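Trainee: I have a structure here, written as structure tokens, and I will follow up with some questions on it.
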Amino acid sequence: IAAPDKNKPCIIESSSISTTIAAARSGNAAVARILIEAGASVDKPVPGFGNPLIAAARGRHHDVVEVLVGAGADVNAVTPEHGSPLMNAVRAGDARIVATLVSAGADPHLAVATPAGPQSPIAAASPAVRAVLDHAVDPAR
């Protein structure tokens, strides 16, 4: 899937929740792909929902994560309410999505705001997810 032209207006986005976020939250990769091909944003955040990649990671929707990453979604995008896609995958305990995001360039050291203060995904990871991160991360960093 080619990345959409971010300078072209998209008639399938609404002001309350983007259709791409709705597809991501429901785990519907086919609809997400159609929306992206029609020009829907893969990165546009919506207050209360995050962005499509965050929604897909939080919901453990592997196929949608792969569609969004393939379409050029920013794997290091951070929203104030939901943090980063990687932090959401770590919190969900989904090692497969963690691996997909890290392989696409997600920074496991990128600190995001949490109720306990700033925290990075690598610091928040469970032992199983930490094993994936340890394998994928340069220990010199």
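Trainee: Would you mention how many residues in the stretch 79-117 are acidic (D, E) and surrounded by fewer than 21 Cβ atoms within 10 Å (Cβ to Cβ)? Talk me through it step by step, then tell me what you get.
Mentor: Our first condition is that a residue be acidic (D, E); within the stretch 79-117, this holds for 81, 94, 107.
Next cut, surrounded by fewer than 21 Cβ atoms within 10 Å (Cβ to Cβ) only: 81, 107.
The qualifying residues number 2.
Trainee: What single numbered condition from (1) touching a residue at least 12 places away in the same chain (Cβ under 8 Å); (2) assigned to a helix (DSSP H, G or I) fails to hold for H135?
Mentor: Unmet condition: (1).
Trainee: Say we look at the stretch 118-132 and pick out the residues that are in a loop (DSSP other than H, G, I, E, B) and touching a helix residue (DSSP H, G or I) at 6+ places or on another chain (Cβ under 9 Å); which of these is most open to solvent (accessible area, probe 1.4 Å)? First the steps, then the outcome.
Mentor: Initial filter on the stretch 118-132 (in a loop (DSSP other than H, G, I, E, B)): 118, 120, 125-126.
Now restrict to residues that are touching a helix residue (DSSP H, G or I) at 6+ places or on another chain (Cβ under 9 Å): 120, 125-126.
Numbers: S120: 19, A125: 22, S126: 48 Å².
Per the stated criteria, the residue is S126.
Trainee: Which of the residues spanning the stretch 47-66 are of a type in the set (D, E, K, R) and surrounded by 20 or more Cβ atoms within 10 Å (Cβ to Cβ)?
Mentor: Hit for the stretch 47-66 is R58, nothing else.
Trainee: Somewhere in the stretch 98-111, is a residue small (G, A, S), without any contact (Cβ under 8 Å) to a residue 60 or more places away in the chain and in contact with a Gly (Cβ under 8 Å, 6 or more places away or on another chain)?
Mentor: No, there is no match, as no residue in the stretch 98-111 is small (G, A, S), without any contact (Cβ under 8 Å) to a residue 60 or more places away in the chain and in contact with a Gly (Cβ under 8 Å, 6 or more places away or on another chain).
Trainee: Would you say P52 is in contact with a Leu (Cβ under 8 Å, 6 or more places away or on another chain), closer than 13 Å to A24 by Cβ and touching a residue at least 24 places away in the same chain (Cβ under 8 Å)?
Mentor: When the stated conditions are applied, P52 passes them.
The values are calculated or read from the model by the stated rules, or taken from the named source; none is laboratory data. Worth saying up front: this structure is predicted, and the values here are computed from it rather than measured. Neighbour counts are summed over all protein chains in view; Cβ atoms, including those assigned to glycine, are modelled from backbone coordinates with ideal geometry. When the accessible area is computed, the model is the full protein with side chains, heavy atoms only, and any ligands, DNA or RNA have been set aside. Shrake-Rupley method; radii C 1.70, N 1.55, O 1.52, S 1.80 Å.
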